[in-house]
1. For Y199, what accessible area in Å² do you get when you roll a 1.4 Å probe over the heavy atoms of the protein chains, rounding to the nearest 10?
2. If the only charges are +1 at each Lys and Arg Cβ and -1 at each Asp and Glu Cβ, what is the size of the charge dipole of the chain around the Cα centre, to the nearest 20 debye?
3. With θ set to phi - 60°, apply the Karplus curve 6.51 cos²θ - 1.76 cosθ + 1.60 along region 199-212 and write out the HN-Hα couplings as whole Hz, x wherever there is a Gly or Pro.
4. Going by amide H atoms built from the backbone, whose H comes under 5 Å of the H on Q134, apart from near neighbours?
5. Taking the Cβ-Cβ separation of C100 and V34 as r and a Förster radius of 35 Å, what is the calculated FRET efficiency to the nearest 0.05?
6. Determine the calculated [θ] at 222 nm for the chain from helices alone, applying -39500 (n - 2.57) to every DSSP H run no shorter than 4 residues and normalising by the residue count; nearest 500 deg cm²/dmol.
7. Extent of the chain along each principal axis, from alpha carbon coordinates, in Å, largest to smallest?
8. Based on DSSP loop calls and a cut-off of at most 11 other Cβ atoms within 10 Å, the longest stretch of the chain free of exposed GluC sites (Glu not before Pro) is what?
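The values are calculated or read from the model by the stated rules, or taken from the named source; none is laboratory data. Source: prediction; values computed, not measured. Methodologically, a virtual Cβ is constructed for each residue, glycine included, from the backbone with ideal geometry; neighbour enumeration extends over all protein chains shown. These area figures cover heavy atoms from the full protein model, side chains too; ligands, DNA and RNA do not enter into them. Shrake-Rupley method; radii C 1.70, N 1.55, O 1.52, S 1.80 Å.
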Amino acid sequence: MKISGQLTVDDLPRICPLLCRQTNPRYGEDQTRVVEVRGVRFGNGRPVVIAGPCAVESHEQTLAVARAVKRAGGDMLRGGAYKPRTSPHDFQGTGAEGLCILRIAREETGLPIVTEVMDTRLVEQVAEYADMLQIGSRNMQNYPLLAEVGRAGKPVLLKRGMAASLGEWLGAAEYIAKQGNLNIVLCERGIKAFPAGEYSRYVLDLNVIPAVQANTFLPVIVDPSHATGVASMVEPASRAALEFGSHGLMIEVADFASGRPRCDADQAINGETLARIVKFARQRHERLLYAQQAA
Ligand code: PEP
Ligand code: MN
């Protein structure tokens, strides 16, 4: 019996005809659409490393982390100015001031910026500062927000809902694409599945990477920070994600010398660990290129 609303990969051509391989044969079985963000290219074979603080807390903290990301060889800077928090009493981010701080960090380091937008009323404001707009896990199915972001004329980083199926995730991406914006990068960030919470924050669904790639031409990256919630797991999870074919990583980094982060401190790595992850990603990519040329 087919249950209404229960999706399988067979439903994808109907749900997301703009993004599905089956309905876009020009991408063949394995071509990826290259999504460019201020000169940084997702999906061209070289993994993109996005890193930065969970939240933009202050000028000093953000600049310190941005410099560490630059030193480590990262490609882009992340940082939430508007933060989705479980409790309304928790730190909500620095808002418009945070966006200005991100702009200053970009001016100094040259790193393009990705930051989250949570509210349709703020899309225009965030798009003025950001090079890439992030839709967070909690808003993956906020359809008016997806449409508004689709109209904003900026590349979009669409995180997977923490309990979303592949069909729901790609259906969400289709809302952005329907507005004429196909510059979408998907981001797996861990799902709520047994035994999430016991020894890690979520369960990193590595299997979804090849599944995404089999069904859509959009690039897909992995956020090992939220997926694990544990700093010591971030480096191995990053390596595993690359082995599964991830087109990049998004990692939370802290500058512990300037203080403990106000959000997600337990999953933040330092600049040295980030540098090791970037080195692994670069060397692995070079090895693959070399092997391809030799073949
Ligand atoms: C984030 O990356 O800043 C974030 C809040 O992650 P998620 O939406 O995946 O929880
Ligand atoms: Mn975070």
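1. 140
2. Details: 34 positive and 32 negative charges, 88 e Å.
Roughly 420 debye for the chain.
3. The phi angles translate into 9, 8, 6, 10, 10, 6, 8, 5, 4, 6, 4, x, 5, 4 Hz.
4. T115, E116, V117, L157
5. Working: r = 30 Å, r/R0 = 0.87.
It comes out at approximately 0.70.
6. Values: 10 runs with 110 residues, N = 295.
Calculated mean residue ellipticity at 222 nm is -11500 deg cm²/dmol.
7. Principal-axis extents of the Cα atoms in the chain, largest first: 56, 51, 40 Å.
8. Between exposed loop sites, the widest span is 30-197.
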